[in-house]
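To start, the structure under review is shown below, and the notes come after it.
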Amino acid sequence: MENGKNKRGKRPQRKEVKKIRKEPVKEEVKKDPIDDIEEEEEEEQEEVKEEKPNVIQLVENKPAPANLILNPALPPRLPKTQAEKDSQRRLIVVLEGANLETVKTREGFNLLNCDDHAFLLRKQEKDANEARPDITHQCLLTLLDSPINKSGHLQIYIHTVHNVLIEVNPRIRIPRTFPRFSGLMVQLLQKLSIRSSEGAERLMRVIQNPVTKYFPTKCLKIGTEYDAKKLVDIQDYVQANFKGKDEPVVFVIGAFAHGDVKADYLDETISFSSYPLSASVACGK
């Protein structure tokens with residue numbers, strides 16, 4: 001090849017290079033999860049305004065699909081207005097100090113627990129008792145299976161050690177096995193709410209603090225501790241204080257292995273056993 005020519009005397013053709021314009025990358029604005037909670041609460045307030053007062057919407061008794069974690073046998077819905085909260089006779093249970101924390105592993109995000117993440121707990125210098133989400137799982141199973149919940153007179157709130165407040169729909173069907181419960185709670189802590197498979201009703205959701213914001217106006221708030229000064233028989237205590245009354249009452253139970261319930265809104269603290277009880281057994285009382 002001489003003077004840039006090939007054997008046939010033709011110059012080699014140059015390949016055309018197309019210039020690609022680089023479009024500026026738009027930066028995504030991270031949204032605060034608290035804003036999502038506020039938007040959901042505003043939507044619910046608008047729904048309440050559209051509803052007629054003093055009218056209870058009955059849920060149709062339709063057969064639930066296999067993948068639905070909604071219990072259709074429970075008739076009532078959660079009270080939304082303050083008038084409904086004050087007038088309805090209910091037992092409100094707050095599971096205080098629940099150990100619900102997500103951790104990222106090779107398999108993805110999991111619920112931190114002392115059985116599967118012992119090495120991680122030692123690395124972070126944490127006590128194994130600080131990673132006991134199974135206590136919350138056992139308490140929810142006991143409460144949701146109780147007759148008072150099946151009759152529609154129970155409301156459950158979960159307050160974690162990381163100051164996350166969770167509202168539990170009494171019509172939810174909690175998974176029986178802990179691995180499935182763990183996956184459900186990870187989804188809740190990441191998406192801030194869990195809906196039924198039909199998508200019409202929230203089964204669990206993260207709400208704004210404090211928990212007293214959702215209490216009835218005038219209700220007795222009772223804490224439970226093993227070493228409380230006031231030891232009572234729980235049946236006699238209920239008969240003496242709440243028999244014949246339609247007032248709601250709040251009981252606060254510690255959802256942890258060891259320690260005292262730390263809540264500054266309690267009216268009194270009682271003990272209903274001279275022996276230390278697990279949180280699940282205390283919920284069953």
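The values are calculated or read from the model by the stated rules, or taken from the named source; none is laboratory data. None of these values were measured; they are calculated from a predicted model. Glycine also receives a Cβ, built like all others from the backbone with ideal geometry; neighbour counts cover every protein chain displayed. Calculation scope for accessible area: heavy atoms of the full protein, side chains included, ligands and nucleic acids excluded. Shrake-Rupley method; radii C 1.70, N 1.55, O 1.52, S 1.80 Å.
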Residue within region 89-109 that is open to solvent by 30 Å² or more (accessible area, probe 1.4 Å), free of Cβ contacts under 8 Å to residues at least 60 places away in the same chain and closer than 27 Å to Gly284 by Cβ present: no
Options Leu121, Leu112, Leu140; residue that is more than 23 Å from Val252 (Cβ to Cβ) and crowded, with 20+ Cβ neighbours inside 10 Å: Leu112
Filtered residues of region 168-194 (kept if more than 17 Å from Asn113 (Cα to Cα) and among the β-branched types (Val, Ile, Thr)): Val168, Ile172, Ile174, Ile194
Boolean, Val186 is open to solvent by less than 50 Å² (accessible area, probe 1.4 Å) and either in contact (Cβ under 8 Å) with a residue 60 or more places away in the chain or within 21 Å of the chain's Cα centre (by Cα) (or both): yes
Complete set of residues in region 240-259 that are within 15 Å of Ile135 (Cα to Cα) and either hydroxyl-bearing (Ser, Thr, Tyr) or open to solvent by 30 Å² or more (accessible area, probe 1.4 Å) (or both): Phe256, Ala257, His258, Gly259
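Conditions (1) over 19 Å from the mean Cα position of the chain (by Cα); (2) of a type outside the set (Asp, Glu); (3) modelled with pLDDT under 90, marked per residue:
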| site | (1), (2), (3) |
| --- | --- |
| Thr177 | no, yes, no |
| Gly199 | no, yes, yes |
| Val206 | no, yes, no |
| Gly223 | yes, yes, no |
| Lys245 | yes, yes, yes |
Residue within region 200-213 that is closer than 16 Å to Leu111 by Cβ, in contact (Cβ under 8 Å) with a residue 40 or more places away in the chain and open to solvent by less than 60 Å² (accessible area, probe 1.4 Å) present: yes
Complete set of residues in region 155-171 that are hydrophobic (A, V, I, L, M, F, W, C) and open to solvent by 10 Å² or more (accessible area, probe 1.4 Å): Val161, Val164
